[in-house]
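The values are calculated or read from the model by the stated rules, or taken from the named source; none is laboratory data. Since we're looking at a predicted model, the values are computed, not measured. Cβ: placed from backbone, ideal geometry, glycine included. Neighbour counts: every protein chain shown.
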Amino acid sequence: MIRRVFLTICVLLALSSAAVAFDSGTALTVSASQETVTLRAGFSRKINITTLPSCVEVGIDCGMPEMCGIDPCTCGSADSWGVCSCNGLKDAMPDICARSEDENIAGVSVENGTLKIRALTAGRTTVTVTAALPHYGDGFATISVTVLPLGVGLYLVCALAAAIVCAAALLAVRAIRRKRGN
Ligand SMILES: [Zn+2]
Ligand SMILES: [Zn+2]
């Protein structure tokens, strides 16, 4: 009796895991052109995000669920996923979104498959990119972001540039005065 219950549970578990595997499909592969980024506060960097596959061709259903099951299609015009394609096929592009673990250190935005990281304050954070495509399981990529403080070096360069501009202005004023004096 116990053995039979045990076997039934095993069969049920195997069936449910097979169903889950079928539903979520193969996971999308997501890659970023850079996996580690070091930026000074106040600067930003654009990173290309690519997915494999980059798009899928999906059916445009006839919208008549009473005739066609749509998924699975029963009216005989199925796409390669078994979904109705009575109204043709269309390219589905991945839906990409990004999230920064610490929004105070780095801010993120995504536009046309390009991730933009804005360095805000010194520290370390992780940016997680998620991509979704019909019939595929969501794919992820992580990017380690290090934000450096605006640095003494940069202040010195700014101070030096300001000093040069001031000196040049003073010299010009003097030269003009001298000319007027003559
Ligand atoms: Zn149809
Ligand atoms: Zn159909």
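Some notes on this structure:
- VAL83 closer than 21 Å to THR29 by Cα and within 16 Å of ligand 1 (Cβ to nearest atom): no
- Count - residues of the range 95-112 that are closer than 21 Å to LEU28 by Cβ, modelled with pLDDT of 95 or more and assigned to a loop (DSSP other than H, G, I, E, B): 0
- All of ALA141, ALA131, ALA163 fail the test of being more than 29 Å from ASP102 (Cβ to Cβ) and either free of Cβ contacts under 8 Å to residues at least 12 places away in the same chain or not in a helix (DSSP H, G or I) (or both), apart from ALA163.
- Contacts under 6 angstrom Cβ, first residue in the range 53-81 being of a type in the set (A, V, I, L, M), partner part of a strand (DSSP E or B) and near ligand 2 (Cβ under 8 Å from one of its atoms), 6 or more apart: ILE70/CYS84
- Tally, over the range 75-89, of residues that are surrounded by 14 or more Cβ atoms within 10 Å (Cβ to Cβ) and either within 17 Å of the chain's Cα centre (by Cα) or assigned to a strand (DSSP E or B) (or both): 2
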